[in-house]
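The values are calculated or read from the model by the stated rules, or taken from the named source; none is laboratory data. It should be emphasised that the depicted structure is a prediction, and the values quoted were computed from it without experimental measurement. Please note: Cβ atoms are built from the backbone with ideal geometry, for glycine as well, and neighbour counts cover all protein chains shown. Ligands, DNA and RNA are stripped out before the accessible areas are found, and what is left, the full protein with its side chains, is counted by its heavy atoms. Shrake-Rupley method; radii C 1.70, N 1.55, O 1.52, S 1.80 Å.
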Amino acid sequence: MSSPEGFDRVLVVNFGGQYTHLIARRIRELNVYSEIVNYSEFSRELVERVRPKAVVLSGGPSSVYAEGAPRIGEWVLELGVPVLGICYGHQLLASMVGGRVERGVGEYGRTEVEVVTEDRLFEGWGSREVVWMSHSDYVAELPEGRAVVLARSAGTGYVAAFRLTDRPIYGVQFHPEVTHTPKGRKLLENFVVGVAGARRSWTPENVVEVIVEEIRRTVPPGEKVLCAVSGGVDSTTAALLLKRAVGDRLVAVFVNHGLMREGEPEAVLETLRKLGLNPVYIDASREFLEALKGVRDCEEKRRIVGELFARIFKEVAERDRGIRWLAQGTTYPDVIESGFAPGADRIKSHHNVAGLPRWLGLKVVEPLRYLYKDEVRRIAVALGLPEEWAYRHPFPGPGLAVRIVGEVTEEKLRIVRRASRVVEEELTRAGLYRSVWQAFAVVGEDRWVGVKGDRRAVGYVVTVRIVESEDGMTADWSRVPYEVLERIASRITGEIPEVTMVTYAITSKPPSTIEPC
Ligand code: XMP
């Protein structure tokens, strides 16, 4: 499927910066559609096809003069389209127009800048403002007459912003996309709306009809679509969009793999039925648990679960010959991550994108491939999913199998289910559920000696993990009030006799990951 038509759009050219996603997201928050494109795929043909209202060049780890540094053609300066370079993008633009970039003292974190020339880009800014910097190269010189300095770092005097004199091509050394630059959103709005004149018509809600149309164009009449729904917000929203687009040609399948949370299969079924999705229910819990017997390695667990899912879908598709398509709830970060970093180390094999095996023989439709999670949630609500479902925490496809370290046993499943329920209940009670990204319990093989009813008892250690995150790619452990942690710990040891110790995971991602394995 191509990206949504009918909206003004901004292209964000990715040079490998850690904040590239944030740039795209902030622009969408202005209700202007934005899309990320890798610098190596950024071509004149693409620009002619997409007709962006503006182009943003992201930051990146390189030095502009380094061998193999990512570059783009100078034609970008002649497009007649406004361009904003950020950090590396700023240095790249400066070097392209004949300026000089040098290695400097480096500016990291909060930095003050002085706005020295009035310009539309800095509308609403005072003459001195705080911004977020993260660079060691800097723009030392700009060509006289061709560019004008708009702002300088208060401390070093480095060029913090410039523009070309005769056209709306800008560079900013700082990061307007991060919240640590308090007036950053305003600057992006000044650029995208003020300078580039983009219409603010894109919202997740009003993109529904566009996506539905795209699905109709993609899936020919008469062909059926199989959509595996887990009850999670992504797969449920994908199914709802498909239902709108192809009606009864949607075959929704809910597979219970026996690795779900307490009471979850029943609740999912009820919700899906209420939404009119009428899923085919397949209870395969015995098969999954059997296949996982004796398996200790997490990647192996993922492989086994994935393969079993695929086998089940194949059976469904063989029974219903009209099925030609498989719908997946892949979202935008998955698409970008898997496409952008060839050769990047695969930390965990959980991205949907590479997805299910080819031998399934089904074509793939991904209605959410241009959306961020928070946008999916808004669409879900617009399509009738109750809010508390739309805002449920993400839950991994292989379920509790990746929250159990070592072999998956009935006992450990019982423990992790009950303990996770306690974590969720206590967070909800404290009004914190929606403010964290994920919150769950983990059980492994460590033991701790306890005293239960005056007796020595050797029991399990349960680790509680609660993290805050925007997209799961980085995460910070949540500073939950002690009283909440205390209630969680005492309830877990009180309600689960096999547990003698509760610990709280206080490592962020990186260097850790969110799930234990
Ligand atoms: P990690 O543990 O890699 O998790 O920091 C990042 C996000 O991905 C989720 N996750 C998974 N999702 N299948 C999934 O569908 C998986 O195997 C899997 N492993 C991790 C995790 O819950 C977090 O939101």
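Which residues does a label at VAL449 reach in the range 468-505, if reach means a backbone N under 16 Å from a point 7 Å past the Cα toward the Cβ?
500-501
Under DSSP H, which helices of the chain have Cα atoms covering 20 Å or more of the helix axis and a Kyte-Doolittle average no less than -1.0?
Values: long enough: 298-319 (32 Å, -0.49); 410-429 (28 Å, -0.94).
Those that pass (Cα extent of 20 Å or more, hydropathy at least -1.0) are 298-319, 410-429.
Taking the Cα centre of the range 205-390 as origin, sum charge times position over the Cβ atoms of Lys and Arg (+1) and Asp and Glu (-1), and report the length of that vector in debye to the nearest 20.
My answer is approximately 560 debye.
Which value in nm describes the separation of the simple spin-label points at GLU290 and GLU112, placed 7 Å from the Cα toward the beta carbon?
For the pair GLU290/GLU112, the computed spacing is 7.2 nm.
Put +1 on the Cβ of each Lys and Arg and -1 on the Cβ of each Asp and Glu in the chain; which of HIS393, SER512, VAL76 then has its Cα farthest toward the positive end of the dipole?
HIS393
Just how far, in whole angstrom, is the range 1-49 from the range 198-258 if you go by their alpha carbon centroids?
That distance is 23 Å.
How far is it, in nm, from the label point at ASP297 to the one at LEU485 when both lie 7 Å from their Cα along the line to the Cβ?
3.5
About the Cα centre of the chain, what is the dipole size in debye to 20, counting +1 per Lys and Arg Cβ and -1 per Asp and Glu Cβ, all else neutral?
Details: 69 positive and 71 negative charges, 162 e Å.
Value, rounded to 20: 780 debye.
Whats the longest run of the chain with zero GluC sites (Glu not before Pro) that are DSSP loop and have at most 12 other Cβ atoms within 10 Å?
Details: sites that count: GLU5, GLU67, GLU118, GLU144.
In the chain, the maximal stretch lacking such sites is 145-517.
Just name one of SER285, ALA430, VAL461: the one whose Cα is farthest towards the positive end of the charge dipole of the chain (beta-carbon charges, Lys/Arg +1, Asp/Glu -1).
Value: SER285.
Convex hull over the Cα atoms of the chain, averaged projected area in nm²?
Average projection, Cα convex hull of the chain: 26.3 nm².
For the chain, with every protein chain kept in place, what is the accessible area per residue (1.4 Å probe, Å²)?
Values: 22860 Å² over 517 residues.
Here the residues of the chain average 44 Å² of exposed surface.
Expected output is a single nm value to one decimal: the length gained when fully extending between VAL130 and THR474, i.e. 0.36 nm times separation in residues minus the C-alpha distance. What is it?
Details: separation 344, 0.36 × 344 = 123.84 nm, distance 2.44 nm.
Extending this stretch completely gives an extra 121.4 nm.
Please check which bits of the range 127-142 a label hung off ALA154 would reach, taking the label as a point 7 Å along Cα-to-C-beta and the cut-off as backbone N under 12 Å.
127-131
Identify, among GLY361, ALA475, LEU11, the residue whose Cα sits farthest towards the positive end of the charge dipole of the chain, taking +1 on the Cβ of Lys and Arg and -1 on the Cβ of Asp and Glu, with the dipole about the Cα centre.
Positive-most Cα among the choices belongs to GLY361.
Under unit Cβ charges (Lys, Arg +1; Asp, Glu -1), what dipole magnitude, rounded to 20 debye, does the range 1-111 have relative to its Cα centre?
Values: 12 positive and 12 negative charges, 56 e Å.
So the dipole magnitude of the range 1-111 works out to roughly 280 debye.
Using R₀ = 30 Å, calculate the FRET efficiency as 1/(1 + (r/R₀)^6) where r is the Cβ-Cβ separation of ALA267 and GLU5; round to 0.05.
On the way: r = 37 Å, r/R0 = 1.24.
E(calc), rounded to 0.05, equals 0.20.
Which loop trypsin sites (Lys or Arg not before Pro) in the range 455-517, with loop taken from DSSP, have no more than 14 other Cβ atoms within 10 angstrom of their Cβ? If you can, show how the numbers build up before the last one.
Working: sites: ARG455, ARG456, ARG465, ARG479, ARG487, ARG491; in loops: ARG479.
Sites meeting the loop and neighbour criteria: ARG479.
Taking Cα pairs under 8 Å and at least six residues apart, what relative contact order does the range 194-283 come out at, in percent? The partial results should precede the final answer.
Details: 90 pairs, mean separation 24.2, N = 90.
Once normalised by length, the contact order is 27 percent.
What is the antiparallel percent of DSSP beta bridges lying wholly in the range 9-195, to the nearest 5? Don't skip to the answer; put the middle values down first.
Working: 23 of 40 bridges.
So the antiparallel bridges amount to about 60 percent of the total.
Rg to Rh ratio, the range 11-160, alpha-carbon atoms and Kirkwood radius?
0.94
Just want to confirm a number: the relative contact order over the chain, from Cα pairs under 8 angstrom separated by 6+ residues, in percent. Walk me through the intermediate numbers first.
On the way: 999 pairs, mean separation 54.2, N = 517.
Relative CO of the chain lands at 10 percent.
Give the distance, in whole Å, between the Cα centre of the range 444-509 and the Cα centre of the range 117-192.
Distance between centres, Cα-based: 46 Å.
With each pseudo-label sitting 7 Å past Cα toward Cβ, what's the GLU144-THR513 distance in nm, one decimal?
5.8
So what is the 222 nm mean residue ellipticity for the chain from helices alone, if each DSSP H run of at least 4 adds -39500 (n - 2.57) and you divide by all residues, rounding to the nearest 500 deg cm²/dmol? All intermediate terms of the calculation are to be shown ahead of the outcome.
Values: 14 runs with 155 residues, N = 517.
Calculated at 222 nm, the ellipticity per residue is -9000 deg cm²/dmol.
Any cysteines in the chain with zero other Cys Cβ atoms under 4.7 Å from their Cβ? List them, or say none.
CYS87, CYS227 - these cysteines have no disulfide-compatible partner (Cβ-Cβ under 4.7 Å) in the chain.
Before anything else, pin down the relative contact order of the range 410-504: Cα pairs under 8 Å, at least 6 apart, normalised by residue count, whole percent. Show your work: numbers first, answer last.
Working: 152 pairs, mean separation 29.0, N = 95.
Answer for the range 410-504 is 31 percent.
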